[in-house]
Each structure stands twice: as structure tokens, then as C-alpha cells.
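Structure in C-alpha cells, see below.
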Amino acid sequence: MIRFEPRENISRLNSAGMRVAAGLLALVLAAIPIAAAGAPVFEAYGLMLKGAFGSVFAFSEMLTRATPLIFTGLAAAIAFRARLWNIGLEGQLYAGALAAVAVGTGAVSGPPGLMVPLVLIAGAMAGALVMLGPTLLKVRFGADEVVTTLLLNFVVILFVQMMLEGTFKDPMGMGWPQSEPIVDEAAFPKLVERMRLHAGLLMALAAALILHVVIARTTFGFRIRAAGENDAAARYAGIPVTATLIKVGLISGALAGIAGVSEVAGLKGYLTADLSPGFGYAGIVVAMLAGLSPLGSVVSAIFIATIFVGADSMSRALGVSSYLADLIVAMALLCVLIASFLARYRIRRIVRHPTEPAPGASVGNS
Amino acid sequence: MTAADPNEPGRAAQATVLSLAGITKSFGALRANDGIDLNVGRGEILALLGENGAGKTTLMNILFGHYVADEGTVSVAGPDGRLQPLEPGSPQAALDAGIGMVHQHFTLAENLSAFDNIVLGTEPVFSLRRRAAGPRRQLEELMQQSGLGVDLDRRVDSLSVGEKQRVEILKALYRRARILVLDEPTAVLTPPEADSLFETLKRLAADGLSVIFISHKLHEVLAVSDRIAVLRGGRKAGEMPTAGADRRSIAELMVGRDVPAPARAARMLGEPVLELDSVSVHGSDRSRTLLGVSLTVHAGEIVGIAGVSGNGQAALAGLAAGLMTPAEGSMRLAGHAVANHAPAAFARAGVARIPEDRHHDGVVGSMTIAENLIVERLEDPAIQRAGFLDFAGIRRNAEQAIEAYDVRCPGPQAQARLLSGGNIQKLILARVLDRDPKLVLANQPTRGLDLGAQADVHRRLLEAAEGGAGVLLISEDLDELTAVSDRLVVIHNGELTEAGPAEGADRTRIGLMMAGHDETERPAA
């Protein structure tokens with residue numbers, strides 16, 4: 001028989017090392033389906049690495065892919081810290097993108113110094129607004145935000161599709177359901193000549209740094225942590241738990257909304273209904289892999305972007321399916337969840353025999 | 001092994017039915033049980049006395065098969081009376097051998113009837129038709145024999161605590177328990193209910209049931225048991241027949257040193273710090289309801305609220321903590337009408353609040369001791385500047401508090417969940433009492449603490465009163481109330497009744513008042 005004993009102290013370094021090990025383990029496990037697909041494993045991983053780091057272009061493509069993942073990862077991290085399970089990042093992302101298109105395609109005009117902040121603010125507000133409803137329903141009526149946020153994704157995405165077929169449809173778009181292009185003044189500047197990498201990456205890194213400082217070093221971050229870890233004790237101690245949750249919901253929705261703005265104004269230039277290949281859902285994975293740490297979210301976003309971009313080139317060169325990327329990411333998440341359990345508990349094998357005493361106690365039975 | 005052969009005829013011609021020999025159990029570096037020998041005779045009530053952490057629960061968990069002992073054996077008398085070793089680590093084997101356990105926290109399904117709870121798990125799983133008549137007859141017989149009366153058809157959630165406990169005991173007896181283990185059975189009972197439990201236990205013992213009665217309350221143990229075994233620090237500190245045992249020497253055995261009663265200094269009563277005037281609270285259940293109560297606590301005064309849990313204490317504590325708002329009536333704190341019923345406002349107004357459930361409401365377990373110490377004072381300029389935490393100030397504050405309140409911990413950065421109950425309580429005391437409070441709300445402040453930690457809490461409350469704070473002490477422990485408070489007030493069914501000075505209070509009269517029998521006048525409702 002096997003029993004689990006809680007560990008007394010988990011060092012931060014241990015926990016980070018454990019996460020890296022889990023990511024590597026996922027790659028080892030993913031070798032099995034790669035081999036099963038008939039591809040040489042080492043060559044496949046080599047191509048993957050080359051596809052993400054092999055050239056300046058590959059590297060910039062990988063960072064371009066990481067940018068929205070950092071934003072949605074941060075959005076998930078701050079919400080989950082407060083035990084506010086925002087599963088609606090995808091919808092908030094689209095709401096942000098729609099708002100960016102609403103103000104950034106010529107409805108308002110001004111210099112870039114005005115237009116870029118304007119589309120950012122519009123997108124942030126739209127994302128925050130989408131998250132406000134579920135948050136209020138949760139704190140007011142105890143409605144489960146997992147359900148409400150998840151379902152709102154479909155509402156928002158269908159609404160975006162409706163707008164792309166109607167009000168926002170580009171008359172010059174040859175009938176495709178896409179928006180008019182973002183005006184040049186509202187588009188994010190590119191970071192490297194002739195590459196797609198844009199200023200959204202710098203904004204994402206800045207957001208990660210700010211969020212890290214807020215959570216670790218401010219009284220507001222203290223309130224978020226206390227409310228998330230034990231809301232009864234926080235409430236008893238006089239921490240405004242409800243107000244804190246509402247603020248966290250707004251920040252989380254705003255970050256997801258900015259992810260949408262960044263994709264439209266930084267990368268694509270216009271909005272289509274397939275703007276995001278699931279960045280909102282991947283953001284949850286990013287945050288979980290990072291243990292809800294904002295700075296860690298940058299690292300895990302790069303890890304996931306590497307796998308996605310790398311898998312594309314691997315699949316082109318070897319003819320294996322690029323769905324392997326999803327498999328690796330899913331396995332990484334499972335490995336991290338198991339590893340974080342193992343970091344918190346010690347495994348003891350119990351030998352049950354009358355003459356042979358065995359150590360160990362069961363969890364929660366002391 | 002030093003134990004005498006348990007199969008020899010024991011003292012007083014009692015056949016030994018249970019024998020624990022040389023039980024040793026370690027958790028890491030901690031020796032929870034260290035070579036404990038214990039025998040229980042047929043029809044004997046053995047009291048197992050010890051502080052928290054003395055090893056009582058570990059020992060009983062080994063007996064019941066939840067833990068496997070590192071060394072030592074458990075033997076139970078079989079049908080022929082011969083002692084046979086019990087398979088370690090198997091609760092089923094313990095049940096089969098006739099060991100029944102009544103836990104402090106009941107393990108009943110609240111939405112089922114008493115009858116269903118008792119027969120639950122004893123009926124065949126794959127049977128389409130329920131044969132209830134046989135078990136019912138058997139149970140009625142059992143109730144008659146044991147004198148444990150319960151309405152079998154009532155839902156458990158409508159039963160009183162005492163009745164639920166009877167259901168638990170019946171459940172054990174129905175499964176043919178010959179050895180009944182009761183873990184702190186009186187913690188939730190009124191004194192009359194406890195007396196009635198003792199009568200029942202004595203009658204059951206006279207019929208041959210063996211009882212192990214776990215407690216840390218001396219007077220109960222003296223009232224009910226035949227023999228007392230005292231555990232301390234995982235070892236058996238002593239064992240003696242109850243007849244002729246001396247209260248003081250047992251207490252010393254338990255604690256390992258002399259326990260002085262809290263010293264009371266004469267105190268001057270000051271202005272009222274808490275005034276409730278005909279306050280009503282309409283809560284979701286009985287424990288959260290108050291019906292037009294009036295109460296005044298003066299500066300320098302300790303007012304003890306006596307009562308069985310669930311009679312409105314939660315509402316009274318909620319009012320004083322700022323968690324609840326009166327539906328009717330007025331409330332004044334330190335002479336000012338309360339404008340904002342919110343925990344933060346109350347903390348700012350100088351109310352030191354010690355919650356009933358220290359783990360759930362008192363601390364954020366995964367945050368550090370230093371962080372838990374500042375959780376009520378995030379606006380304080382000593383710990384933050386412009387919203388940014390001042391880590392040096394937080395650390396300084398924690399080091400001072402740990403020192404002044406003797407919190408035993410690895411350091412300020414240790415997680416609060418790693419502390420023992422007594423040290424968590426010290427942490428909370430440090431957090432709330434260190435700021436010269438005007439009013440102290442102490443809700444069950446010593447529940448589950450060992451005697452040493454209890455004495456520490458009592459000393460702190462008395463010091464606070466001497467420092468000019470009014471103290472509202474809500475407790476179910478009459479000993480604690482009479483030892484610490486100046487004045488007693490009984491709470492029953494959402495109403496408060498003055499019970500006079502605490503010193504020399506008549507326990508029987510207060511016990512009756514707690515049960516709702518009030519011989520003094522009461523205003524018509």
C-alpha cells in the first residue's frame with residue numbers, strides 16, 4: 001500500500017526545478033508517439049528546437065507566438081491567485097480585439113502616441129467588462145464562475161462573428177468575414193525590420209514585471225493572496241474580499257482583452273473570427289505550468305510557443321502531424337500537476353505485516 | 001516487555017478484554033507513543049487522560065487500525081475469552097473484534113433518520129428489499145437495556161447534540177461493540193447532559209461493556225471512571241484506581257508540573273466599552289439568532305458568556321467581531337454608536353477579535369507567520385509605504401511578537417499552518433492584543449488547547465482586562481468561565497440571562513440555566 005504524507009516546507013527553488021523537470025519529462029514521454037509516427041526522435045526534437053531558436057527569424061516567430069500567451073497567462077495567474085477561476089480568457093481576448101477594431105479602424109483618428117494607448121484602453125475595458133459580469137454574479141449570488149466564464153466564451157465569439165458579418169464587415173474584404181484594417185497610427189511598431197515581432201512583446205514583459213511587483217510587494221497583492229488562500233480568515237481580519245475579487249476580475253479580463261488588441265494591432269492588422277487558435281485556453285496552461293507566478297508565466301509562455309512553432313517546422317520536415325504539439329503541451333501540464341503534488345507530499349510505501357513494523361501515516365488522518 | 005501476562009486473572013477478578021503492550025509509534029523525529037502498556041478489563045471504565053499532544057489520539061488510532069504501530073501489539077479477547085493479537089492497520093479487524101469508537105465530531109449523515117444512520121453499512125448491499133423490522137426490534141431492545149432513548153424516525157439534523165451522541169453510541173452497540181472508545185464525549189454537552197451520559201456509561205459497564213473514556217477534564221474523569229491512565233509526551237505517566245485519586249496530583253502527572261490557577265488582581269471597572277440594547281439578529285439558524293438581548297461590558301471587566309454551543313453564540317460573536325449587523329436594537333462601542341458593521345472598522349475601533357475556529361477564520365495557513373501578524377493592519381505606516389509593503393518593518397514586528405508572545409516556530413517566515421493549535425492561538429493573541437484594545441472578544445479561546453496553552457490564554461485575557469480592556473469571553477467550559485470572568489451571563493435560545501458574579505457561582509444552577517430551566521424571572525417574550 002502507498003500513502004502520502006504532506007511535506008513541511010517546499011523551497012521556491014525546488015518548486016521551480018520540479019517544474020522544469022516536469023517539462024523535460026513531458027518531452028521524453030512525447031518521444032513515444034513521435035517514434036510511433038515513424039519519425040526519428042532526436043531529429044524531430046532537433047528540428048523543433050531549430051524551428052524556434054535556429055535563426056533570428058525563427059526566434060522572432062517564436063516570441064511573436066509567445067506574446068499573446070504571456071498576456072493570457074498573466075490574466076489566468078492573477079485570477080487563479082485569488083481563486084477566481086476565469087476560464088473565459090478566450091472570450092475576453094475576442095472582446096478586446098473587437099474593441100480595438102471598433103476604435104482603431106478609422107472611427108477615431110490621431111497620432112500614434114494617442115491611438116496606440118486608445119486601442120489598448122478600449123480592449124482592456126472590453127475584456128474587463130466581459131469578466132465583470134461573472135465576477136459580480138459570483139460575489140453576489142455565489143454563481144460558479146467556471147460555468148459562467150466558460151459559457152460567455154461562446155456568447156462573445158458568436159457576437160464577434162455576427163459583427164464581422166455585419167456592422168464591422170470590411171466592404172473591401174471581397175466578402176470575407178473580416179474587419180476593416182487597423183489604421184497605421186494605431187498599429188504597434190515592429191521590433192525588428194522585416195519580421196512580425198511587434199511591441200506587444202515589450203508590453204507583455206512590462207505587464208509581467210508590474211504584476212510580479214504588485215503581487216509580491218504591495219498591500220493589494222497581499223490582499224489578493226490572503227483572499228485566495230483563505231477567504232474566511234481574510235474576511236474575518238477585515239480584508240475587503242469582495243472588492244478585491246472584483247478588482248482581480250477586472251484586471252484579469254483587461255489583460256486577456258489586451259492579448260486580443262496585441263494580436264490585431266500588433267500582428268494581423270485586422271480582426272477575423274479565427275484570430276486566436278485557443279490562446280485563452282492555453283493561457284490557463286501557461287499559468288498552471290508557472291505555478292501562478294507572473295515572471296514564471298513568461299518562461300512557460302516561451303516554452304509553449306517553442307513547442308507550437310517548433311512542431312510546425314518538425315511536421316513540415318518529417319511529415320508527422322503538428323497536433324503532436326498539443327499532445328506535448330497537455331503532457332507537460334499533467335506532468336507539472338503530478339510533480340507539484342509530489343513536491344507537496346512525500347510518498348511512503350507501507351508494508352503491512354504484523355511482525356514487520358512500517359512507518360508512515362495517511363494524509364489528513366492525524 | 002514489562003507488562004504482566006494479560007491472560008492471568010487481573011485485578012478485581014476482571015477478565016482483561018483488551019491489552020496494548022509496548023506500543024511505540026514515531027512520526028519522523030516525534031515519538032507520539034513510546035512503549036505504552038494498557039489493559040482494560042471487562043465492564044471497566046478506563047479514563048485516558050492527557051493534554052493535547054500527549055498521544056491519546058495516536059494510541060486510539062493504532063487501536064482502531066488507522067495507524068500501524070512501529071512496535072508493540074494490540075490484543076483483544078476472542079469469544080472464548082483468550083486474548084488474540086489484532087491484525088494491525090485494519091479498521092475492519094478492529095470492528096470485527098468488537099471495538100467501537102465515538103468520535104468527538106460525529107460521523108452521522110444529517111439527512112437520514114436515526115434508524116438509517118445506525119443500520120447504515122450493516123445491511124447487505126445487493127438486496128432489493130429492505131428488511132427493517134428485525135433490526136428495529138433489535139434496536140428497541142437495545143435501547144431498553146441501555147437506557148439510551150432516541151426517536152428512531154427523526155432525521156438526525158433535527159436531533160440535539162446529546163441525542164446525536166446517543167445515536168453514535170447506539171450505532172457502536174448495534175455493531176456488537178464490547179469495547180467502546182469515547183473521544184472527548186462531553187465537549188459538546190451541557191452539564192446535565194454530561195451527567196446523564198455518565199449514568200448511561202456506568203449502566204452499560206455494569207452490563208459488561210468496557211469503556212475507554214478520553215478526556216482532559218479532571219472532574220469528569222473522577223466522576224465516571226474506575227481507573228485512570230495518564231499519558232504525557234507519548235509515555236504513560238501514571239495509572240491509578242479512581243477511588244482515592246487526588247485531583248492535584250493527577251493534574252501534575254498530566255502537565256508534569258504544578259498548574260497554578262490564574263491570579264486575579266483587583267480591577268477598577270471603567271466606562272462601558274460594549275453596549276447592546278435590545279439587539280436582535282435574525283440569522284440562518286439558531287446559533288446565529290439573538291432575540292432582543294441587552295448586555296454591557298465595562299472597561300476592565302471580563303464578562304463570561306456561558307451556554308451550550310448553538311444557542312446564539314455565533315450571532316453574539318458575529319456582532320462583536322463586526323461580521324453581523326443587528327436587525328433591531330442599538331449597539332455602542334466605547335460610547336459611540338456603531339456606524340459601520342464591518343470587521344475592518346471594528347479592528348480600527350480597538351476591538352481585539354479572537355475567532356472561534358482559529359484554523360479556518362484565524363490564520364491564512366499558507367502565508368507566513370509575519371504576514372499573518374499584519375493581516376489586520378495593512379494601513380499601518382509601520383508596515384507599508386504608499387501601498388508597498390515594508391519587509392523590514394514586517395519582519396521586525398514579527399520578531400517582536402514572536403518574542404513577546406512566546407510563539408514557538410522556526411522563524412517569522414515559516415508558514416502558519418505548520419504551527420500547533422496553541423501556537424496559532426498565540427499568534428492571534430499577538431496580532432490582536434498588542435495594540436491596546438478597548439474590547440476583547442474571545443470566542444472559545446482555549447478549545448482544543450492543552451493546559452499550559454490554556455493557562456497562557458487566560459493570563460493574556462486577565463492582563464488585557466488589567467490594562468483597561470473589557471473582555472467578552474464566550475465559552476462552553478464552565479471551569480474556564482468561573483476561573484477567569486468577573487460576571488457570568490447565560491445564553492440560551494438566543495436570549496441572555498444575568499447569572500451574577502462568577503466567583504462562587506453555583507454550577508448546578510448555571511447548568512440548569514444553560515439547559516433552559518430558569519428559575520429567575522424572565523421578561524415575557
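The values are calculated or read from the model by the stated rules, or taken from the named source; none is laboratory data. Only a predicted model underlies this, so the values are computations on that prediction, with no experimental measurement involved. With ideal geometry, Cβ positions are generated from the backbone for all residues, glycine too; neighbour counts draw on all protein chains shown.
Does B:L333 count as of a type in the set (A, V, I, L, M, F, W, C), closer than 25 Å to B:P191 by Cα and more than 14 Å from chain A (Cβ to nearest Cβ)?
Here the answer is no, as B:L333 does not meet what is asked.
Of the residues that sit in the stretch B:355-369 and are among the aliphatic types (A, V, I, L, M) and at the interface with chain A (Cβ under 10 Å from one of its Cβ atoms), which one is surrounded by the most Cβ atoms within 10 Å (Cβ to Cβ)?
Residue satisfying both the conditions and the ranking: B:V363.
B:M324 passes all but one of (1) within 11 Å of chain A (Cβ to nearest Cβ); (2) in contact with a helix residue (DSSP H, G or I) (Cβ under 7 Å, 6 or more places away or on another chain); which number fails?
(1)
When both residues are 6+ apart or on different chains and their Cβ atoms are under 8 Å apart, which pairs have a first residue that lies in the stretch B:183-201 and is at positive phi, and a second that is at pLDDT 85 or above?
If the second residue must be at pLDDT 85 or above, the pairs left are B:E184/B:I214.
For the stretch B:458-485, which residues satisfy the criterion of being over 23 Å from B:A349 (Cβ atoms) and touching a Pro at 6+ places or on another chain (Cβ under 8 Å)?
B:H458, B:R459, B:S475, B:L478, B:A483, B:V484
Report, by residue number, each residue of the stretch B:34-62 that is at pLDDT below 90 and in contact with a helix residue (DSSP H, G or I) (Cβ under 8 Å, 6 or more places away or on another chain).
B:L49, B:G50, B:E51, B:N52, B:A54
Turning to a different aspect of this structure: Which residues, taken from the stretch B:76-88, are more than 13 Å from B:R42 (Cα to Cα) and surrounded by 21 or more Cβ atoms within 10 Å (Cβ to Cβ)?
Hits for the stretch B:76-88 are B:L86, B:P88.
Can you run down the residue pairs with Cβ atoms below 7 Å, 6 or more apart or on separate chains, where the first is in the stretch A:187-205 and farther than 18 Å from A:P111 by Cβ and the partner is among the β-branched types (V, I, T) and outside any loop (DSSP other than H, G, I, E, B)?
Partner pairs satisfying both residue conditions: A:R196/A:T64; A:L197/A:T64; A:G200/A:T67; A:L201/A:T67; A:A204/A:T67; A:A204/A:I70; A:L205/A:V298.
Yes or no, residue by residue, for (1) in contact with a helix residue (DSSP H, G or I) (Cβ under 6 Å, 6 or more places away or on another chain); (2) modelled with pLDDT of 95 or more; (3) assigned to a helix (DSSP H, G or I):
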| position | (1), (2), (3) |
| --- | --- |
| B:V407 | yes, no, no |
| B:N423 | no, no, yes |
| B:K426 | no, no, yes |
| B:P445 | yes, no, no |
| B:L449 | yes, no, no |
| B:A453 | yes, no, yes |
| B:D456 | no, no, yes |
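Give just the number: which of (1) without any contact (Cβ under 8 Å) to a residue 24 or more places away in the chain; (2) within 14 Å of another protein chain (Cβ to nearest Cβ) does A:R225 not satisfy?
Looking at each condition in turn, A:R225 falls short on (1).
When residues of the stretch B:172-212 are filtered for being over 30 Å from B:S287 (Cα atoms) and either assigned to a loop (DSSP other than H, G, I, E, B) or of a type in the set (D, E, K, R) (or both), how many remain?
9
Can B:G121 be described as more than 14 Å from chain A (Cβ to nearest Cβ), touching a residue at least 60 places away in the same chain (Cβ under 8 Å) and within 21 Å of B:R178 (Cα to Cα)?
Spelling it out, it is not the case that B:G121 is more than 14 Å from chain A (Cβ to nearest Cβ), touching a residue at least 60 places away in the same chain (Cβ under 8 Å) and within 21 Å of B:R178 (Cα to Cα).
Restricting to the stretch B:138-165, what's the tally of residues that are out of contact with any Ser or Thr (no Cβ under 8 Å at 6 or more places or on another chain), farther than 22 Å from B:A94 by Cβ and surrounded by 14 or more Cβ atoms within 10 Å (Cβ to Cβ)?
The number of residues fulfilling the criteria is 7.
Restricting to the stretch A:96-109, and then to whatever is over 11 Å from A:L271 (Cα atoms) and of a type in the set (A, V, I, L, M, F, W, C), can you tell me which residue is surrounded by the most Cβ atoms within 10 Å (Cβ to Cβ)?
For the stretch A:96-109, the residue satisfying everything is A:V103.
Looking for something under 17 Å from A:V261 (Cβ atoms), assigned to a helix (DSSP H, G or I) and in contact with a strand residue (DSSP E or B) (Cβ under 7 Å, 6 or more places away or on another chain) - is there at least one such residue anywhere in the stretch A:131-153? Reasoning before the result, please.
Of all residues in the stretch A:131-153, those under 17 Å from A:V261 (Cβ atoms) come to A:131.
Those left that are additionally assigned to a helix (DSSP H, G or I): A:131.
Imposing the further condition that a residue be in contact with a strand residue (DSSP E or B) (Cβ under 7 Å, 6 or more places away or on another chain) reduces the set to none.
Checking the stretch A:131-153: not a single residue is under 17 Å from A:V261 (Cβ atoms), assigned to a helix (DSSP H, G or I) and in contact with a strand residue (DSSP E or B) (Cβ under 7 Å, 6 or more places away or on another chain).
Can I ask one more? For the subset of the stretch A:241-262 comprising residues that are touching a helix residue (DSSP H, G or I) at 6+ places or on another chain (Cβ under 7 Å) and within 13 Å of another protein chain (Cβ to nearest Cβ), which member is surrounded by the fewest Cβ atoms within 10 Å (Cβ to Cβ)? Step through it out loud before you land on a result.
Here is the first cut: in the stretch A:241-262, the residues touching a helix residue (DSSP H, G or I) at 6+ places or on another chain (Cβ under 7 Å) are A:241-242, A:244-246, A:248-262.
Among the residues that remain, those that are also within 13 Å of another protein chain (Cβ to nearest Cβ) are: A:241-242, A:244.
Numbers: A:V241: 22, A:T242: 16, A:T244: 23.
In this case the residue turns out to be A:T242.
Out of all the residues in the stretch A:181-199, is one or more part of a helix (DSSP H, G or I), crowded, with 17+ Cβ neighbours inside 10 Å and within 14 Å of another protein chain (Cβ to nearest Cβ)? Spell out the reasoning first.
Of all residues in the stretch A:181-199, those part of a helix (DSSP H, G or I) come to A:184-186.
Keeping just the survivors that are crowded, with 17+ Cβ neighbours inside 10 Å gives A:185-186.
Pick out the ones that are also within 14 Å of another protein chain (Cβ to nearest Cβ) and you get none.
No, the conditions are met nowhere in the stretch A:181-199.
So which of A:A186, A:A226, A:A232, A:A256 is modelled with pLDDT under 95 and within 23 Å of A:A128 (Cα to Cα)? First the steps, then the outcome.
Numbers: A:A226 fails: modelled with pLDDT under 95; A:A232 fails: within 23 Å of A:A128 (Cα to Cα); A:A256 fails: modelled with pLDDT under 95.
The match here is A:A186.
Check off (1) buried (at least 22 other Cβ atoms within 10 Å of the Cβ); (2) part of a loop (DSSP other than H, G, I, E, B) for B:I169 and give me the number that stays unchecked.
The number of the failed condition is (2).
Test B:L378 against the stated conditions and say whether it is farther than 24 Å from A:D231 by Cβ, in a loop (DSSP other than H, G, I, E, B) and more than 28 Å from the chain's Cα centre (by Cα).
Answer is no for this residue.
Now for a different question. Considering only residues that are of a type in the set (D, E) and either crowded, with 16+ Cβ neighbours inside 10 Å or within 12 Å of another protein chain (Cβ to nearest Cβ) (or both), which ones fall in the stretch B:378-422?
Answer for the stretch B:378-422, where residues must be of a type in the set (D, E) and either crowded, with 16+ Cβ neighbours inside 10 Å or within 12 Å of another protein chain (Cβ to nearest Cβ) (or both): B:E379, B:D380, B:D390.
Being in a loop (DSSP other than H, G, I, E, B) and within 28 Å of the chain's Cα centre (by Cα) is the filter here; which residues of the stretch B:104-147 pass it? Working first, answer last.
Kept after step one, since they are in a loop (DSSP other than H, G, I, E, B), are these residues of the stretch B:104-147: B:104-112, B:120-132, B:147.
Correct list: B:Q104, B:H105, B:F106, B:T107, B:L108, B:A109, B:E110, B:N111, B:L112, B:L120, B:G147.
Considering every residue within the stretch A:273-283, establish whether at least one is surrounded by fewer than 23 Cβ atoms within 10 Å (Cβ to Cβ) and in a helix (DSSP H, G or I).
Scanning the stretch A:273-283 turns up at least one residue that is surrounded by fewer than 23 Cβ atoms within 10 Å (Cβ to Cβ) and in a helix (DSSP H, G or I).
With the structure loaded, tell me whether A:V119 is part of a helix (DSSP H, G or I) and within 18 Å of A:A259 (Cβ to Cβ) or whether it fails that test. Step through it out loud before you land on a result.
Values: part of a helix (DSSP H, G or I): yes; within 18 Å of A:A259 (Cβ to Cβ): yes.
Against the criterion (part of a helix (DSSP H, G or I) and within 18 Å of A:A259 (Cβ to Cβ)), A:V119 qualifies.
Report the residue count in the stretch A:307-328 for those that are crowded, with 19+ Cβ neighbours inside 10 Å and not hydrophobic (A, V, I, L, M, F, W, C).
3
Where residues in the stretch A:58-73 are touching a residue at least 40 places away in the same chain (Cβ under 8 Å) and hydrophobic (A, V, I, L, M, F, W, C), which of them is surrounded by the most Cβ atoms within 10 Å (Cβ to Cβ)? Give the derivation first.
Filtering the stretch A:58-73 down to residues touching a residue at least 40 places away in the same chain (Cβ under 8 Å) leaves A:58, A:60-73.
Next cut, hydrophobic (A, V, I, L, M, F, W, C) only: A:58, A:62-63, A:66, A:69-71.
Values: A:A58: 18, A:M62: 21, A:L63: 25, A:A66: 27, A:L69: 27, A:I70: 30, A:F71: 35.
So, considering only residues that are touching a residue at least 40 places away in the same chain (Cβ under 8 Å) and hydrophobic (A, V, I, L, M, F, W, C), the one surrounded by the most Cβ atoms within 10 Å (Cβ to Cβ) is A:F71.
For the stretch B:52-103, name all the residues that are under 27 Å from B:T446 (Cβ atoms), more than 11 Å from chain A (Cβ to nearest Cβ) and in a helix (DSSP H, G or I).
Within the stretch B:52-103, B:K56, B:L59, B:M60 qualify.
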